[in-house]
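What follows is a short report on a single structure.
Please treat every number below as a calculation from the coordinates, not as lab data. The model shown is predicted, which means the values in this text are computed figures rather than measured ones. Backbone-built Cβ (ideal geometry, glycine too); neighbour counts: all protein chains shown.
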């Protein structure tokens, strides 16, 4: 028998022809079908057939989405819109037990000299300034001068307006003569300690800076005179 041989070119032609028939059949089949879109609310389905129909409850009419109207938001009033009443408006300020004292006292001082010291046997004066009604000064003092400056021991009472404080000079207090011999001016510096008090200054304590001066005519033993005194006291007084 004579075998039949098929050339390569003929094989390729046969394969192409077969593929054309297959693809052509698929195209024809697809061309015969139709696809529709079906809607049921938000559910969407696609149906493909020669005579496609939507399932029960579905329609080909696309639902119209109605836009929601914009809602306006009424802003809430801020906390600052309604101011709160200040706490200080209804609460009275606490009464302070600290008093800033600043007073100047002017008066007379009786002086007696001896061989050993000099004594202020009486001191009196009237005060002005921030003194809380205590406008009267009284007291006494002494010093033992050996040079132009010497320590000062002194006690005093400042009173008036139903109140008073008792003071005494501390170890920093001193008197200094401007000249080596009388007549001269004597300057007072140091601190007066507040030891006690009465009235609104009951139980008072504190320290007042003292600055003052007076004049002397003689420093001879046995001499006595009355001198004009000026004394300024400043500081803070605390009560209990």
How high is the relative contact order of the range 141-240, in percent, counting Cα pairs under 8 Å that sit 6 or more residues apart?
21 percent
All-pairs Cα distance distribution in the range 154-240, expressed in whole percent, bin size 10 Å
16, 40, 27, 14, 3
What is the fewest-to-most order of 38, 149 by other Cβ atoms lying within 10 Å of their Cβ?
149, 38
Additional length obtainable on full extension of the chain from residue 207 to residue 43, 0.36 nm per residue less Cα span
49.6 nm
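Multiply the residue separation of residue 184 and residue 98 by 0.36 nm, subtract the distance between their alpha-carbon atoms, and state the gained length in nm to one decimal. Write out the running numbers ahead of the final one.
Numbers: separation 86, 0.36 × 86 = 30.96 nm, distance 3.86 nm.
In short, 27.1 nm is gained.
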Distance-filtered residues of the range 157-192 - backbone nitrogen under 20 Å, label point 7 angstrom along residue 124 Cα→Cβ
157-167
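What does the extension gain come out to for residue 198 and residue 171, with contour length at 0.36 nm per residue minus their alpha carbon separation?
Numbers: separation 27, 0.36 × 27 = 9.72 nm, distance 2.50 nm.
Full extension from residue 198 to residue 171 adds 7.2 nm.
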